[in-house]
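The values are calculated or read from the model by the stated rules, or taken from the named source; none is laboratory data. Note that the structure is a prediction, hence the values are computed from the model and not measured. For neighbour counting, all protein chains shown are included, and Cβ atoms are generated from backbone atoms with ideal geometry for every residue, glycine included. Surface accessibility is based on the protein's heavy atoms, side chains included, excluding ligands, DNA and RNA. Shrake-Rupley method; radii C 1.70, N 1.55, O 1.52, S 1.80 Å.
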Amino acid sequence: GAGVSQSPSNKVTEKGKDVELRCDPISGHTALYWYRQSLGQGLEFLIYFQGNSAPDKSGLPSDRFSAERTGGSVSTLTIQRTQQEDSAVYLCASSPSRGWETQYFGPGTRLLVL
Amino acid sequence: KQEVTQIPAALSVPEGENLVLNCSFTDSAIYNLQWFRQDPGKGLTSLLLIQSSQREQTSGRLNASLDKSSGRSTLYIAASQPGDSATYLCAAPIGAGNMLTFGGGTRLMVKP
């Protein structure tokens, strides 16, 4: 079956612009995660969804970052007023539930803020 | 707070060698530990997940072990091949939502 998909695969934007990153999880997966991978910080957790609610947003680095999930499926990560330090690869993962199961990752969105 | 460390950061071996990648974690109260592979410019591929009740998991030439008491996990790769060249990451869950804390990864190069 289809895996986790993310769009766009690459995004170049100017400092100060807003960007939206999209994640389509595996069908039927209730848990969805956003992570960020940058050269200086490695791979770090951003936010977790169970269904449409986000019980844990503790990883969001600032209030410029927000995310939503609709219909228990697609999720959008929005970064407002982008800064150069936001440049990173944003990875999305899903799992059937939160029951300590394998997380399946998408290919990521490579964001470059000029 | 869970901290995950991987040693070595990079490893270069000739084809055919057996090798061990190490992962250590600070909070032994984990529910599972997961090993991933990442190829350059790609996402993460799950290799093995070891539940806390298990001591090891095997998939083909890969074998992962988990020792919660010592806070360590190892990934054993038998008869390495050039196609095994990639970055290998281990991750332990934190919080009720199973969010993952990742190690820094081991970059493996297998030379023909």
### Message
Which residue, A:Val113, A:Leu91, A:Pro25, has the largest displacement toward the positive end of the dipole of the protein assembly as shown when charges sit on each Cβ (Lys, Arg +1; Asp, Glu -1)?
### Response
A:Val113
### Förster-model FRET efficiency, 22 Å R0, B:Thr58 and B:Glu17, C-beta, rounded to 0.05
0.75
## Note on the structure
The farthest towards the positive end of the charge dipole of chain A, of the residues A:Tyr35, A:Ser5, A:Phe49, given +1 on Cβ of Lys and Arg and -1 on Cβ of Asp and Glu, is A:Ser5
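For chains B and A, what's the summed buried accessible area, probe 1.4 Å, to the nearest 100 square angstrom?
On the way: alone 6020 and 6170 Å², together 10580 Å².
Counting protein atoms only, the buried area is about 1600 Å².
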### Query
What whole number of Å gives the distance from the Cα centroid of the range A:3-20 to the Cα centroid of the range B:92-110?
24 Å
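Can you compute the charge dipole magnitude of chain B about its Cα centre, using +1 on each Lys and Arg Cβ and -1 on each Asp and Glu Cβ, nothing else charged? Give it in debye, rounded to the nearest 20.
On the way: 9 positive and 8 negative charges, 20 e Å.
That gives chain B a dipole magnitude of about 100 debye.
How charged is the neighbourhood of A:Arg36? Take every other residue with its Cβ under 14 Å from the Cβ of A:Arg36, and add Lys/Arg as +1 and Asp/Glu as -1. Don't skip to the end; give the middle numbers.
Numbers: positive: A:Lys11, A:Lys57, A:Arg64, A:Arg110; negative: A:Glu44, A:Glu85, A:Asp86.
Net local charge, A:Arg36 excluded: +1.
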#### Entry: Under 30 Å from A:Lys11, Cα to Cα: lysines that are on another chain or at least 8 residues apart
A:Lys57, B:Lys42
#### Entry: Relative contact order computed over the range A:9-114 (Cα-Cα under 8 Å; 6+ residues apart), in percent
37 percent
### Task
Place the peptides A:44-50, B:6-12 in order of packing, highest mean first, counting for every residue the other Cβ atoms within 10 Å and averaging per peptide.
A:44-50, B:6-12
### Query
For the range B:1-47, what is the convex hull (Cα atoms) projected area averaged across all directions, in square nanometres?
4.7 nm²
### Task
Using all C-alpha to C-alpha distances in chain B, build P(r) with 5 Å bins and read off the rounded percent in each one.
2, 13, 24, 26, 19, 10, 5, 1, 0
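How high is the relative contact order of chain B? Use alpha-carbon pairs under 8 Å, at least six apart in sequence, and give a whole percent. The partial results should precede the final answer.
Numbers: 284 pairs, mean separation 41.2, N = 112.
It comes to 37 percent, rounded to a whole number.
To the nearest whole number, what is the average tally of beta carbon atoms from other chains within 10 Å of the beta carbons of peptide B:89-95? Present the calculation step by step, with values, prior to reporting the outcome.
Numbers: counts 3, 0, 4, 0, 5, 3, 6.
Mean shielding count: 3.
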### Message
What number results when the radius of gyration of chain A, computed over Cα atoms, is divided by 2.2 N^0.38 Å?
### Response
1.00
### Task
With a Förster radius of 41 Å, plug the Cβ-Cβ distance of B:Tyr76 and A:Ser5 into 1/(1 + (r/R0)^6) and report the FRET value to the nearest 0.05.
0.80
### Query
When chain B is modelled as a GNM with alpha-carbon springs shorter than 10 Å, which of B:Leu62, B:Leu21, B:Leu48 fluctuates the most?
B:Leu62
### Query
Within straight cross-link reach of B:Lys111, meaning Cα distance under 18 Å, which lysines are found once same-chain residues fewer than 8 apart are removed?
none
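Once the mean 1/r over all distinct Cα pairs of the range A:1-60 is inverted, what Kirkwood radius in angstroms do you read off?
Numbers: mean 1/r = 0.0747 Å⁻¹.
The answer is 13.4 Å.
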### Message
Rounded to the nearest 20 debye, what is the charge dipole size of the protein assembly as shown about its Cα centre when +1 sits on each Lys and Arg Cβ and -1 on each Asp and Glu Cβ?
### Response
120 debye
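Residues of B:40-48, mean number of Cβ from any other protein chain within 10 Å of their own Cβ, rounded to a whole number? Intermediate values should be presented prior to the final figure.
Working: counts 0, 5, 4, 13, 11, 3, 6, 1, 1.
Mean inter-chain Cβ contacts per residue within 10 Å come to 5.
Expressed in whole Å with the largest first, what are the equivalent ellipsoid semi-axes of the protein assembly as shown derived from the C-alpha gyration tensor as the square root of 5 times each eigenvalue? Write out the running numbers ahead of the final one.
Values: eigenvalues 174, 83, 50 Å².
Each semi-axis is √(5λ); the values are 29, 20, 16 Å.
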